[in-house]
1. Compute for the stretch 147-231: radius of gyration divided by Kirkwood radius, i.e. Rg/Rh, restricted to C-alpha atoms, rounded to two decimals.
2. What is the set of long-range amide H partners of E219 at a cut-off below 5 Å, with H atoms built 1.01 Å from backbone N?
3. Using 0.36 nm times the number of residues separating L73 and A152, minus their current alpha carbon distance, what extension gain do you get?
4. Per 0.36 nm of contour for each residue apart, how much would the distance between T213 and S161 grow if the chain were fully extended, relative to their Cα-Cα spacing?
5. For percent of Cα pairs over 30 Å apart, which listed value, (1) 34; (2) 46; (3) 27, comes from the coordinates shown?
6. When Rg is the radius of gyration of the Cα atoms in the stretch 5-84 and Rh is its Kirkwood radius, what does Rg/Rh come to?
7. Given a Förster radius of 22 Å and the C-beta distance between A183 and R205 as r, what FRET efficiency does 1/(1 + (r/R0)^6) yield to the nearest 0.05?
8. Over all directions, the average projected area of the alpha-carbon convex hull for the stretch 256-296 comes to how many nm²?
Amino acid sequence: MAVNHQHLRAFHAIALEGGVSRAARRLNVSQPTLSQQLKALEARYGVMLFESRKVPLSLTAAGRDLLVLTQKLFATAADIDEILGETAEMTGGMIRLGSDNPHYIARMVGLLRRDHPLTRVQVRMGNAREVMQWLGDAHVDAALASDPPGDAHFSYEPLTSEALACALPCDHPLAAQASVPIAAFAGETLLLRESSSKTRAFIERALGDAGITPHATIELQTRETIREGLALGLGISAFFESECPPDARIAYRPLDTGERSYPLRSYLVCQSERRRSALMRALRPIVAEMQGSGPV
């Protein structure tokens, strides 16, 4: 009797995720559906694949043997997809992208539309944590994320590395310098992003490492609000290079952090099982082109 492919995929996802709930999000199906598929697989062959249904699930001996085979099966399926070439998503389908950086995602979408004009693109913006969650839950097909956590479920393509820059009102005395030493923040009011911001985390770490405490801080949350605050002379701030669009009211200068550096690395990320997909094959040359042109 022929094995049911969907039942194997259900088992494979549950085994990798350690639970039905996470596996259901990964496959974008309901938990009851996934549970029924697992039960049907076990009932068909009269074998238990998990010791119990308590999370985290533990594989039986038969389950461990089957996982070895399903890993080979789905790796081979990905290879077949690569050999057969473009899938429907690159010939008029919809691609869902997530990003925490408006500058990079806009450039990527422009290059993607240039190379694949029939492809429709949907972009979802959030912080890095939200973007990675959407990817894990299969709400997006690929993501641009800054400094994402390492996870064996994901495949990472390096995109760029960028440094911190000091942002100042254009008439600020420090704007006359070629670069701004981090020690100068001790006498300034620092305009900050929200607490979950990667930019804020990096500048606070740099200040802490240097033993520098700003004269005062104001939390303005968004980049746009901080830029308006800079224009009004409320203080100074720090952005990464891609966050520094031309603005006649604002001067951007390299931030001198001494012997320590604080690069923010961005990656194109997809689920590991999709690393050979037509989408990733289409995006890799775009990533290479973006690397060559730099962050600004």
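Each value in this text was obtained by applying a stated rule to the coordinates, not by laboratory testing. The model shown is predicted, which means the values in this text are computed figures rather than measured ones. So basically every Cβ, Gly included, is an ideal-geometry build from the backbone, and we count neighbours across all protein chains shown.
1. Checking Rg against Rh, the ratio lands at 1.03.
2. Those lying under 5 Å, H to H, from E219 are L192.
3. Here the segment from L73 to A152 would lengthen by 26.6 nm.
4. 16.1 nm
5. Among (1) 34; (2) 46; (3) 27, the one calculated here is (2).
6. Over the Cα atoms of the stretch 5-84, Rg/Rh equals 0.97.
7. So the FRET efficiency works out to roughly 0.90.
8. 4.3 nm²
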